[in-house]
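Just below is one structure, and these are the notes that go with it.
The values are calculated or read from the model by the stated rules, or taken from the named source; none is laboratory data. A quick note: this is a predicted structure, and the numbers were derived from the prediction, not measured. Note: ideal-geometry Cβ built from the backbone for every residue, glycine included; neighbour counts use all protein chains shown. The protein model used for the area step is the full one, side chains on, heavy atoms only, and it has no ligands, DNA or RNA in it. Shrake-Rupley method; radii C 1.70, N 1.55, O 1.52, S 1.80 Å.
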Amino acid sequence: MSKSTRRSRRRPRVMMSLATLRRAIAALRVRRAKIALVPTMGALHEGHLSLVRLARRRADRVIVSIFVNPAQFAQHEDFGSYPRTFTGDLAALAALNVDLVWAPDVKTMYPKNFTTQVVLQGPAKAGLEDAFRPHFFAGVATVVAKLLIQCEPDIAIFGEKDYQQLKVLTQLARDLDLKTRILGAPIAREPDGLALSSRNVYLSAGEREAAPTLYRVLRQCAGAIATGQPIAAVLNKGRKEITRAGFGLDYLEVRNAETLAPVASIKEGPLRLLLAARIGKTRLIDNVAV
Ligand code: AMP
């Protein structure tokens, strides 16, 4: 039996305690294995799995963390009802030959008297997600800093779906001299263009029908900006179209793709067009390159 066949039959080792995880990581380090980490909150879909496949190609050992992080949800947000599908997640990860699943509980990540929080500036204060979810990035950065310290990966993979988050975490790893290289991965979409998200299950049939408007408008606006049309006018038209489709728009903005700083002209590129919009009880985010 080949090595890969043998491995494909093995389910990932599921670790729930820090001591067990540390022993496993130390053993991998002794063997000089290149480790990739894919942090997730579970409820895995094809978007997450595309990150795992990229990790598989880039490293000898793949760790997927599954942790619904209470620190990144505000009181009124969906921490309690966030979809949790652990058994199905494990089966999907086994099929992709994931080596280790790190699934700590809340007490393990945030023991009694936990008080530390990462304070962020730069891309975390760009006036996009941070303007609507003020606690979000401190919660994300703190938990990801912990995950990177716990798992000591050579690379960690994050989706461009959460574009501002990717920039915040790239900055975090650089600023804190973490040895992990942060890699971005492209957005996986439904055939009609809707970006895959664990939260898409909240959409009613009618909302699901309206949802591809977001990607359509993003593409239209990106095309218009790329051909030199005035940014403000293009964005105003796009905003109207999104609102007309039944969404409450949080933002539709074009930014410098690296710093996320506002731009007045295409010359300040490379550019990224980003949006967040609400429909029913669901908040969707998406973005495209210009
Ligand atoms: P989450 O479980 O929503 O925290 O997402 C875990 C990781 O998967 C993050 O790096 C996300 O950006 C990424 N991700 C989520 N949805 C997609 C998607 N549709 N395409 C690519 N990556 C995604």
Over the stretch 128-192 - Rg/Rh using Cα atoms and the Kirkwood inverse-distance radius: 1.01
When Lys and Arg each count +1 and Asp and Glu each count -1, what net charge do the other residues less than 12 Å away from Ala36, Cβ to Cβ, add up to? +3
Taking the convex hull of the Cα atoms, report for the stretch 200-290 its projected area averaged over all directions, in nm². 5.5 nm²
Dividing the convex hull volume of the alpha carbon atoms of the stretch 191-231 by its residue count, what do you get in Å³ per residue? 81 Å³
With every protein chain kept in place and ligands, DNA and RNA left out, what is the accessible area per residue of the stretch 233-273? Probe 1.4 Å, answer in Å². 51 Å²
Label-point gap, in nm, between Asn97 and Ala131 - each point 7 angstrom along Cα→Cβ: 4.6 nm
Could you tell me what percent of the accessible area of the chain is made up of carbon and sulfur, with a 1.4 Å probe and every protein chain present? 53 percent
Using Cα atoms only, what is the angle between the long axis of helix 18-30 and the major principal axis of the chain, expressed in degrees (0 to 90) to the nearest 10? 80 degrees
With Cα atoms, 0 to 90° folded angle of helix 163-175 axis to the chain main axis: 50 degrees
Provide the per residue accessible area, probe 1.4 Å, for the stretch 1-91, rounded to a whole number of square angstrom. 56 Å²
Over all directions, average the projected area of the Cα convex hull of the chain and note it in nm². 16.3 nm²
For the stretch 1-149, state the average projected area of the convex hull of the C-alpha atoms over all orientations, rounded to one decimal in nm². 10.4 nm²
What FRET efficiency comes out for the pair Arg216/Asp60, r = Cβ-Cβ distance, R0 = 45 Å, nearest 0.05? 0.65
Using only Cα atoms, figure out Rg for the stretch 138-290 and give it as a multiple of 2.2 N^0.38 Å. 1.12
Cα coordinate range in the stretch 87-207, projected on the principal axes (Å, largest first): 42, 38, 30
At q = 0.14, 0.19, 0.27, 0.31 Å⁻¹, what base-10 log of I(q)/I(0) does the Debye formula yield for the stretch 223-263 when every alpha carbon is treated as an equal point scatterer in vacuo? -0.36, -0.63, -0.99, -1.07
Of all the Cα-Cα pairs you can form in the stretch 11-62, what percent are over 15 Å apart? 55 percent
Sites Arg199 and Arg31, calculated FRET efficiency, Cβ-Cβ separation with R0 41 Å, nearest 0.05: 0.60
A correct Kirkwood calculation over the Cα atoms of the stretch 68-134 returns a hydrodynamic radius in Å of 15.1 Å
Please work out how much length the chain gains when fully extended from Gln117 to Asp154, using 0.36 nm per residue of separation minus the C-alpha to C-alpha distance, in nm with one decimal. 11.0 nm
